[in-house]
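The structure appears right after this line, and notes come after that.
The values are calculated or read from the model by the stated rules, or taken from the named source; none is laboratory data. Keep in mind that what you see is a predicted model, and the values were worked out from it rather than measured. Here the Cβ positions follow ideal geometry from the backbone for every residue, glycine too, while neighbour counts run over all protein chains shown. Accessible surface areas use protein heavy atoms only, side chains included; no ligands, DNA or RNA. Shrake-Rupley method; radii C 1.70, N 1.55, O 1.52, S 1.80 Å.
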Amino acid sequence: MNAGAVAKVMRAGVGRHRLQTVVVGLVVFAASAMVVLGIGLLVAADLPFERAFAAQRGAHAVVSYDARLVADVDLAATTSRPGVLASAGPFALTTLDLSGPGGTRLPELTVVGRADPVAAVDALELSAGRWVRGSGEIVMSRDFDGLVKIGDTVRIADGPALTVVGLANSVTETANAWVLPELVEVLRSDRPAVAQMLYRFASAADESAVAAAIASTTAGLPVGAVLGAGSYLTYQLAANQTAATATPFVLAFAVLGMVISVLIVANVVSGAVVAGYRGIGVLKAIGFTPAQVVAVHSGRMLAPSALGVAVGVVVGNLLAVPVLNETARAYDVTVATVPWWASLVAIVALLLTVGAAAVLPAVRAGRLPATQAIVLGRGPRPGRGRWARRVLARTRLPRTVSLGLAMPLARPVRAAGALVAIALGATTLILATGLVSSLAAIADGLNRAVAAPVRVHLAGGGLRGLPPPNNAGDVAALLGATSGTARVTEVRQIEATVLGVAKPVVVTGYFGDASWVGYRLIAGRWTGGADEAVLPTRLLRSSGTQVGDMLNLRAGQRQVTVHIVGEVFDLDHEGLHVIAAGEVVRDLEAEAPSTWFEVMVAPGVDADAYVTALNDALPPGVIAWREGLQDDTITLFLGLIVTLTLLVVVVAGLGVFNTALLNTREQTREIGILKTIGMTPRQVRLMVIASLAALGAVTSLLALPLGLATHRQVLDAMARAAVTGLPSEFVAVFRPIELILLAGAGLAIAIVGALVPAGWAARSRPATAMRAE
Amino acid sequence: MAAWPPTVHTMTDAVRVTAVSKRYEATGPAALDHVTMRVEAGEAVAVTGPSGSGKSTLLNLIAGLDRPSAGEVEVAGVHLGRLSEAGLARFRRDQVGVVFQFFNLLDDLTTRDNIALPAQLAGARPGVVRARTDELLDRLGIAGHANAYPARLSGGERQRVAIARALVNRPALLLADEPTGAVDGRTGAAVAQILRRLAGDGQTLVLVTHDAALAQSCTDREIALVDGRIARLEEVSR
């Protein structure tokens, strides 16, 4: 017997068992796509900023100079100061008020003149379109994707119109838009000339190192020459915190997906080999050695698997592109790509799994006497689960159902594999449902877009060191008089210090009753008195206080003591945030630099139309906008949940499909007999579905507590990463009806997976079935 | 729950096969070629012929287990060609009992459960099923093996279980395909005696066999098939 004979039998086996071959290929395909995507997501969640920063040669510091006080030659000299590794600039910079397509007002933008996106520092990544070539063109930051698109026209107040030709991303957000350098001079009009320099330093590990490097680089320049300097660490912290928050659920889904994939591949392949025991017996009877038998059967499984894994890896990489683009956007980095080795890992891991799952039962069969292998291959060993059949036969269940319920017991190992697959699939579904509800609640808790959908900002708002606005009273009066306004509150914000907390905290003061603005309380109550405040978890921990304690706030020479009456869910300002009565802010600083209004619109009023009408009425420099219902991070999370859940459930469904297929094929004779004595096609279908539904029902019992516990664990881990507690309503998101429906998740997966094989079994004619046997 | 026992059609012709042909492959040889035959109600007919003559194919068509390539099969007044697969299943369950050479019992069901199964599939009440099963266990002399699994039974006992199962729904027509083919001579004789008794009680019977003696001892008439065609029709003289 030579290798040619082995190959011939192997090829014949692939052709003869086409459906089985297709199922193995499909399962391996879905599993490899899942593994590639899972690895890609895990890698993307691991230090996304550092990888993007390295890839784009991000700037450790962005320094703005007053161009009237320093000449280009002075700026050039800064690049050769000790500790400066690389630099880019000077780039002309200005700030502009722009209106987007349809007259939409855009926030004030920092516009930088750059002839080329590529530079020694801060290489810009074009995510769409091209770089500017002419004076009538502008490239917008990717953050504006959705507000503007390629080809749109943006208009500068009292200035020219510019065509958007590209969307680009700077890893440290060095600008909101870019134009050709000569255009900046034209656009800035009578504003002061500003030059931007970007530096990379030899030492920039922490804030003090960056500050020291900036000081060393700008030393000797005229007083007032440096207008401002920003550190990359601000962006690093934000990106990595988002990534850390995402990691628990990405990890949960990726691990669940990969485990279920490998498990089902093993179950499908070993099941297919076991189903081929009769063939193994025949091969042995005609002289095949055990090694040749193993070669035939592992080859039969590896051939479709190789094709499946090849297509799966390609599809996994393709699927990862949009998913990881969203990931990159959420982490606010340029790109997240699947590492090349993810495909290699998927190929090796899945082919090893297939090989092992095929070789082990084939070796067992190879060692058996030929006659025994033939007998085993005819179907499950008689006698398995007889006690159950006997018990079920005595119940009042329809006979079709009781016959079906006993079927899995004939192949306990296969049934156990299907059971685990369904359980993990159902767990994923429950986890996904819970997370979607929780994340929607979290998103609303963060942006409070349902409670206070409209925000109105006054010029100078945003802690940018600009003079405080002086028209708050006019705006308040206008809002009060605007039709559709249900509630409005003035908000003022300042920076303050808290003894024992290293960084400054932001104090936001609400005037009047603001219990409606949508903050979610974790503990305690909303502010009622003029000296009361609620704090997010991180500040409570940083300041060593708890609800009921007093907290001293200091701004300049003034000090105010507030009574902490609640713990609030809030991640703004890295959680170093005090939300207090407006009087607290006023007592700390009479003229708060940042002022805005939060507005609840009346029931039935379209918030978008309200905003448009309001913007027409508001004085220059005051802008109203609709708070987004979702933010990028939450959108990413929801997208990931849907994609990963679909993949996991499809893989689980394929596992069930395969189990049902093998069971019905093995029991062709029994089904033929049952049809002969009068079992109708509907009854056959019911029997086969009942056989898997029994497993589904058992898994539902397992999956519900498992899914709820995983949901709780993932949320807790996300909250830990974000250093926040969670309001109970974010966790207890399952309504009774949802719980009842989700309890049937395993049952649903089992039934859907079994439907097609059950239909095939039902359609076969009894005489054909008996002949096939 | 469906009415049980099912309605028994009383017709002069229990089976009417008209110009029936059967090919398993479109271009292959005909397993049955233009066969026409009738079986009257209460009649016992043997279908004989050498191996490959089309006997089992004819029985499968009469039982509604397969569909003819051409022609028409009518059993107990039912035109099988007009029935869906579900209709055929109900027809088999209600009107026909089939006994196979190799018994075709379900290995993991006890004797009692095997016999009861067609009645349970028909939706009979548990008490009725139990009574009918007990009656058949007694009548076929296998009451002592009611709780035994098929593997523990002798060939003859298995065939009795198969006959009991075929009779549980009081079928209009009993079909037997080489019922003594897998048992020894003495057991075969016992099986033959059961069939004879059933035929004597007025049970319509179509017996497929290549055993001339069995055909002669159990039936009134013999239809001989050769290469898928009827070669001979003759009355049996007992």
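Report, by residue number, each residue of region B:183-201 that is open to solvent by less than 40 Å² (accessible area, probe 1.4 Å) and of a type outside the set (Val, Ile, Thr).
Answer for region B:183-201, where residues must be open to solvent by less than 40 Å² (accessible area, probe 1.4 Å) and of a type outside the set (Val, Ile, Thr): B:GLY188, B:ALA190, B:ALA192, B:LEU195, B:LEU198, B:ALA199.
Kindly indicate which of A:ALA7, A:ALA44, A:ALA30 is open to solvent by 20 Å² or more (accessible area, probe 1.4 Å) and out of contact with any His (no Cβ under 7 Å at 6 or more places or on another chain).
Going through A:ALA7, A:ALA44, A:ALA30 in turn, just one is open to solvent by 20 Å² or more (accessible area, probe 1.4 Å) and out of contact with any His (no Cβ under 7 Å at 6 or more places or on another chain): A:ALA7.
Please enumerate the residues belonging to region B:202-229 that are on the phi > 0 side of the Ramachandran plot and open to solvent by less than 20 Å² (accessible area, probe 1.4 Å).
B:GLY228
When A:GLY383 is evaluated against the numbered criteria (1) on the phi > 0 side of the Ramachandran plot; (2) modelled with pLDDT of 85 or more, which criterion, by number, is the only one it fails?
All conditions are met except number (2).
Confirm whether B:ALA189 is away from chain A (no Cβ under 14 Å), free of Cβ contacts under 8 Å to residues at least 60 places away in the same chain and assigned to a helix (DSSP H, G or I).
yes
Suppose we filter region A:506-556 for residues that are closer than 18 Å to A:ILE494 by Cβ and hydroxyl-bearing (Ser, Thr, Tyr); how many remain?
So the answer is 4.
Suppose we filter A:LEU702, A:LEU742 for residues that are away from chain B (no Cβ under 14 Å), open to solvent by 10 Å² or more (accessible area, probe 1.4 Å), in a helix (DSSP H, G or I) and over 25 Å from A:ALA440 (Cβ atoms); which single one remains? Steps first, answer last, please.
Numbers: A:LEU742 fails: over 25 Å from A:ALA440 (Cβ atoms).
That would be A:LEU702, the only listed residue that is away from chain B (no Cβ under 14 Å), open to solvent by 10 Å² or more (accessible area, probe 1.4 Å), in a helix (DSSP H, G or I) and over 25 Å from A:ALA440 (Cβ atoms).
Where the second residue is open to solvent by 50 Å² or more (accessible area, probe 1.4 Å) and at pLDDT below 80 and the first is of a type in the set (Val, Ile, Thr) and lies in region A:348-373, which pairs have Cβ atoms under 9 Å and are six or more apart or on separate chains?
Listed pairs, sorted by first residue: A:THR371/A:ALA285.
Which residues, taken from region A:674-688, are buried (at least 24 other Cβ atoms within 10 Å of the Cβ) and among the aliphatic types (A, V, I, L, M)?
A:LEU674, A:ILE677, A:MET679, A:VAL684, A:MET687, A:VAL688
What are the pairs, 6+ residues apart or on separate chains, where a residue within region A:712-738 that is β-branched (Val, Ile, Thr) has its Cβ under 9 Å from a residue that is open to solvent by 40 Å² or more (accessible area, probe 1.4 Å) and in a loop (DSSP other than H, G, I, E, B)?
That search, which allows pairs on different chains as well, returns A:VAL723/A:LEU571; A:THR724/A:LEU571.
Name every residue in region B:159-171 that is surrounded by 24 or more Cβ atoms within 10 Å (Cβ to Cβ) and either charged (D, E, K, R) or more than 13 Å from every other protein chain (Cβ to nearest Cβ) (or both), in order of residue number.
B:GLN159, B:ARG160, B:ARG165
I'd like the full set of residues that are under 17 Å from A:PRO117 (Cβ atoms) and crowded, with 20+ Cβ neighbours inside 10 Å, limited to region A:143-161. Spell out the reasoning first.
Pass one, region A:143-161, residues under 17 Å from A:PRO117 (Cβ atoms): A:143-145, A:150.
Of everything in region A:143-161, just one residue is under 17 Å from A:PRO117 (Cβ atoms) and crowded, with 20+ Cβ neighbours inside 10 Å, namely A:PHE144.
For region A:173-227, enumerate the residues that are open to solvent by less than 50 Å² (accessible area, probe 1.4 Å), in contact with a helix residue (DSSP H, G or I) (Cβ under 9 Å, 6 or more places away or on another chain), farther than 18 Å from A:LEU69 by Cα and not in a helix (DSSP H, G or I).
A:ASN176, A:ALA177, A:VAL179, A:TYR199, A:PHE201, A:ALA204
I'd like to verify a number: residues in region B:53-70 that are more than 14 Å from chain A (Cβ to nearest Cβ) and surrounded by fewer than 18 Cβ atoms within 10 Å (Cβ to Cβ), how many?
Going through region B:53-70 one residue at a time, the tally reaches 1.
Criterion first (β-branched (Val, Ile, Thr) and either on the phi > 0 side of the Ramachandran plot or within 14 Å of chain B (Cβ to nearest Cβ) (or both)) does A:THR635 satisfy it? Can you show your working first?
Values: β-branched (Val, Ile, Thr): yes; either on the phi > 0 side of the Ramachandran plot or within 14 Å of chain B (Cβ to nearest Cβ) (or both): no.
Taking the combined requirement at face value, the residue does not satisfy it.
Which of (1) outside any strand (DSSP E or B); (2) within 24 Å of A:GLU591 (Cα to Cα); (3) open to solvent by 60 Å² or more (accessible area, probe 1.4 Å) is the odd one out, the single condition A:LEU478 does not satisfy?
For A:LEU478, the failing item is (3).
State all residues of region A:536-589 that are open to solvent by less than 10 Å² (accessible area, probe 1.4 Å) and among the charged types (D, E, K, R); if no residue qualifies, say none.
A:ASP570
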